[in-house]
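Here, each number is a calculation from the coordinates, and none is a lab measurement. None of the values given here were measured: they were computed from a predicted structure.
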Amino acid sequence: MKNLLLSSIFLLATLQITAQNKNVQKETETTTTTIKDSKGKKKIVKTVETKETQDVELAMSEQKGKNIPIKEESKVDVTKTTKVKIDGETKYYDVDLSAYYNSNGNKYQIIQKGNGYSMINPSDAEAGILRKTSNNNYIYRSNDKVSFGYFDNEGNLILETYDYEKDKITMEKYMIEK
């Protein structure tokens with residue numbers, strides 16, 4: 001009994017010591033506007049919060065000890081949340097990512113539809129749908145595949161698909177048109 005108690009205390013203590021390997025950057029932009037109309041003055045406070053999260057991965061190097069460089073190619077997850085407060089009533093909005101994207105010389109349009117997005121191919125047919133997950137990523141589903149998707153820092157859509165036959169993940173990048 002004594003060994004069990006000491007083992008569980010040791011286990012809990014070591015779990016608290018482990019570090020979280022993430023870089024997190026938050027940026028908040030607040031805009032206050034006062035509108036005067038026939039009903040009186042309305043104060044509108046718009047807050048846009050941008051949160052960038054990056055897993056820290058060490059670069060493969062011969063260096064040991066402190067100050068080991070991190071990989072520059074590490075994926076950065078960007079989440080934008082817009083909060084609008086009108087006379088004390090708060091509403092939350094996600095950023096609309098509808099735009100035109102290019103991939104392999106083809107132009108695709110992503111439009112907001114229902115509880116996600118719809119991808120329209122060059123022949124104006126629906127190529128697939130994107131549905132948001134709980135961790136601000138997307139599941140892409142088309143007739144022939146299911147992929148995991150996310151938007152990078154530049155706003156490009158990245159789709160990662162698992163290939164069963166080759167046992168590897170393939171990545172498709174849809175470049176946003178500016």
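Per the Debye formula on identical point scatterers at the alpha carbon atoms of the stretch 99-176, with no solvent, log10 I(q)/I(0) at q = 0.15, 0.21, 0.28 Å⁻¹ is -0.50, -0.99, -1.56.
Extension gain for the segment residue 84 to residue 50, taken as residue separation times 0.36 nm less the Cα-Cα distance, is 10.8 nm to one decimal. With a threshold of 22 Å on the Cα-Cα distance, the over-threshold entries among 41/83; 145/168; 51/107; 46/113; 22/166; 51/71 are 51/107; 46/113; 22/166.
Amide H contacts for residue 156 (H built 1.01 Å from N in the peptide plane; partners 5 or more residues away or on another chain; cut-off under 5 Å): 176.
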